[in-house]
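The values are calculated or read from the model by the stated rules, or taken from the named source; none is laboratory data. Given the structure is predicted, the values throughout are model-derived calculations rather than measurements. Glycine also receives a Cβ, built like all others from the backbone with ideal geometry; neighbour counts cover every protein chain displayed.
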Amino acid sequence: MSEYLLILVSTILVNNFVLVQFLGLCPFMGVSGKLETAMGMSLATTFVLTLASVCSYLAYTYLLEPLDLAFLKTITFILVIAVVVQFTEMVVRKTSPLLYRVLGIFLPLITTNCAVLGVALLNVNKNNNFIESVLYGFGAAAGFSLVLVLFAAMRERIAVADVPVAFQGAAIGMITAGLMSLAFLGFTGLVSV
Amino acid sequence: MWTSILIAVVVLLVLAVVFGGLLGFASERFKVEGNPLVEQIDSMLPQTQCGQCGFPGCRPYAESIANGDAINKCPPGGETTIKALADLLDIEPQPLDAEHGVEQAKRVAVIREDECIGCTKCIQACPVDAILGAAKQMHTVIESECTGCDLCLDPCPVDCIDMITIEPDIRNWTWTPPKSGIIATDRAGAGA
């Protein structure tokens, strides 16, 4: 049990996907302009990452390993994740227009993100079992959501702050992200997994 | 060596075919009829079907808005509709476009029945079928159905239709919002 908790803490804080492992930086800079869109993106990411780690685990354990095809894992994961997300998007669009409005445009966006593939591949590298894989994916997504929402909140404040001309816009965003990354390095040594 | 490559190719092929079939099936099975955005916009329009916006009814205008048309072409809806649409589409509200008419209090058509000659021309003009009558018989307006669109006035050969403003009573009275800009923070928000 404590081992599962450690995985969560490790992925959310210590080995945060964005600020420590530098995966998924594109949506981190891209959709953090408004807190509202950052929330939508966080929800979509949480959903996709958890689903992706489940599917890729199943595909790897029950298809690639028995057939001795581990070298096909990258392309298979891409295929599996893209299909599952696309399929879910269609179902959600039909069954719940409200949820589709919240997640809609972000679902296909996040599918091709490096964090998603990163979770799937890291799961294989770490030899995680099924529950560990799910938790690893969920933890990675929670960490991503945490920093994305924090960063979006900061950028909303920075937008109205008196920033020197040379630093306005993306420049101050990069600096802020760097400082956040430094701050998250402070979690190193909290747990070692 | 060759067998393992063959197995890999076959596995990927099978995966791709299965997934392609699944997605193809899903796109048919879970097809969404109509555009949900159009439905939402349509439900905000006043459904007078008056055509003052230049479209033949509220629904075509809703489709046009969904494709990026201006939201300020609906005089019967007036400011409230423009505000609601601006909220929904997350754009700035604009003042009503005077080209398409001015906002008026809600009105209904009333036929002066002793002057009506029973020509049925107003029945054909009515977009919501609120006029009742037959050829050479007196016509009358179903008040609760009438949207006050004025479209029956022009066709009437004897000009026996009046547009009567509905006086607000306890059933249709609405609260008039105060003028914006009274509070200092409102003005600051508008200036920023």
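Can you give me the number of residues within segment A:108-133 that are away from every other protein chain (no Cβ under 14 Å) and in a helix (DSSP H, G or I)?
18
Please work out if B:ASP150 is assigned to a loop (DSSP other than H, G, I, E, B) and either within 25 Å of B:TRP173 (Cα to Cα) or more than 19 Å from the chain's Cα centre (by Cα) (or both). Even if it seems obvious, please write down each step before you answer.
Values: assigned to a loop (DSSP other than H, G, I, E, B): yes; either within 25 Å of B:TRP173 (Cα to Cα) or more than 19 Å from the chain's Cα centre (by Cα) (or both): yes.
The answer is yes for B:ASP150.
Going by what's in this entry, would B:ASP42 be described as more than 14 Å from every other protein chain (Cβ to nearest Cβ) and either touching a residue at least 24 places away in the same chain (Cβ under 8 Å) or at positive phi (or both)?
No, not satisfied.
Return the total of residues in segment A:66-107 being more than 13 Å from A:ALA44 (Cα to Cα), facing another protein chain (nearest Cβ under 9 Å) and of a type in the set (Phe, Trp, Tyr).
Total satisfying the criteria: 2.
Identify the residue in segment A:149-189 that is surrounded by fewer than 14 Cβ atoms within 10 Å (Cβ to Cβ) and among the charged types (D, E, K, R) and, among all such residues, is farthest from A:GLN21 (Cα to Cα).
A:ASP162
I'm trying to understand the selection: among the residues of segment A:59-90, which are assigned to a helix (DSSP H, G or I) and loosely packed, with under 14 Cβ neighbours inside 10 Å?
The answer is A:TYR62, A:ALA70, A:PHE71, A:THR74, A:ILE75.
With respect to B:VAL14, is the statement that it is within 14 Å of chain A (Cβ to nearest Cβ) and modelled with pLDDT under 85 true?
So B:VAL14 does not fit the description; no.
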